[in-house]
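What follows is a short report on a single structure.
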Amino acid sequence: MTMGTNGTAIPSTNIAAAKHRWKILARALIGDRSSDPDDRIFSVRRFQCFGLFQSKVVEDRSSDADWFMYTSRDFEKLKLIVRQLRAESTVKLDTLLGFNNTGNICIWPSEEVMTYHCLKDVNWFRNKSVIELGGGMTCLAGMAVAACTEASCVVLTDGNGDSVKNLDLMIHENQDSFGTTTVSSRFLRWGPDETAADLKDRFDCVLCADCFFFDEGRSDLVELVCSLLRPGGQAVMFAPHRGPTLQTFVHLASNKFDVTVADNYDDKIWQLHQQMKLKGNGEYDENLHYPVSVLLKKTGSS
């Protein structure tokens, strides 16, 4: 057994599967086409994105990162400068197997969809305080809310120090887009040792994408979200089913929140989802790739 970040034991079989997945992803990102017989069992990163946003390289400022301008045909106001580390600098197994580091490599479909969802209702965020949890290297949804809405403040967080450093650089580059919204980043993990006492009851909205699949962290995530939200606040969360993991999280969350789960929450995304299923080329697996909407509302008694 290995101990997780919250002190609970992680079965060795889970550790082995996670390591194998990261090895597959590492090889793919650096262009290594070699494989072994177990790849088919563990592989998960085949589908890249739904194409909801467009990006192009705007400037090459260092040897380990590229800067991209993210735009959208649906949201003209979105002009976000995003820093993404190159594969050869990010794909190191000892770094990736730290705390919830999936977002350190790429922007996953759940983050992409959550960003799109937020931009569809920018007025809802007016004068609201927002925090994104586990946003990886980019916190794309939180950054988009900061740049395109009139939120009072946005806090971008991750449990990896390198991610937080990258977020700091992105905040600096996008400062002119934030208007009166106060934007900051910080290191934040959930669990018995989390240091979020100063954030208790401060937020109207929590954003979180694809963070349900760590068995050892679900209960801690529920507790943290409940602590962060003001009475009446809500968490906007997206994640694929990934077997029973989403339903397990929903069951835990229902003890503290009013929970709404939706598969068909947007006509455009639902249509793209159906198109991907019809292709039938083995690239797209809705169990692993289609983000389900999970909305948690905190009542006054929570």
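The values are calculated or read from the model by the stated rules, or taken from the named source; none is laboratory data. Nothing here was measured: the structure is a model prediction, and the numbers come from that model. As a convention, Cβ positions derive from the backbone with ideal geometry for all residues, glycine included, and neighbour counts pool all protein chains shown.
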Q | From the options Val164, Val145, Val155, residue that is outside any strand (DSSP E or B), under 16 Å from the mean Cα position of the chain (by Cα) and within 23 Å of Gly232 (Cα to Cα) | A | Val145
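So that you can scan it fast, the table gives a plain yes or no per residue for (1) closer than 25 Å to Asn127 by Cα; (2) among the charged types (D, E, K, R); (3) in a strand (DSSP E or B):
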| position | (1), (2), (3) |
| --- | --- |
| Phe213 | no, no, no |
| Ser219 | no, no, no |
| Cys226 | yes, no, no |
| Ala235 | yes, no, yes |
| Leu252 | no, no, no |
| Lys256 | no, yes, no |
| Val261 | no, no, yes |
| Gln274 | no, no, no |
| Gly282 | no, no, no |
Q | Residues located in the stretch 264-292, provided they are closer than 21 Å to Leu246 by Cα and without any contact (Cβ under 8 Å) to a residue 12 or more places away in the chain | A | Asn264, Trp270, Gln274, Lys277
Q: Please enumerate the residues belonging to the stretch 30-80 that are modelled with pLDDT under 70, part of a loop (DSSP other than H, G, I, E, B) and within 24 Å of the chain's Cα centre (by Cα).
A: Ile30, Ser43, Val44, Arg45, Arg46
Q: Looking only at the stretch 169-180, decide whether some residue is farther than 23 Å from Val250 by Cα, crowded, with 23+ Cβ neighbours inside 10 Å and more than 15 Å from the chain's Cα centre (by Cα).
A: yes
**Q.** Subset of the stretch 111-131 that is acidic (Asp, Glu) and out of contact with any Ser or Thr (no Cβ under 8 Å at 6 or more places or on another chain) - its residue that is surrounded by the most Cβ atoms within 10 Å (Cβ to Cβ)
**A.** Glu112
Q. Across the stretch 132-150, which residue is nearest to Leu224 (Cα to Cα) among those that are without any contact (Cβ under 8 Å) to a residue 40 or more places away in the chain and either surrounded by 21 or more Cβ atoms within 10 Å (Cβ to Cβ) or polar (S, T, N, Q) (or both)?
A. Gly136
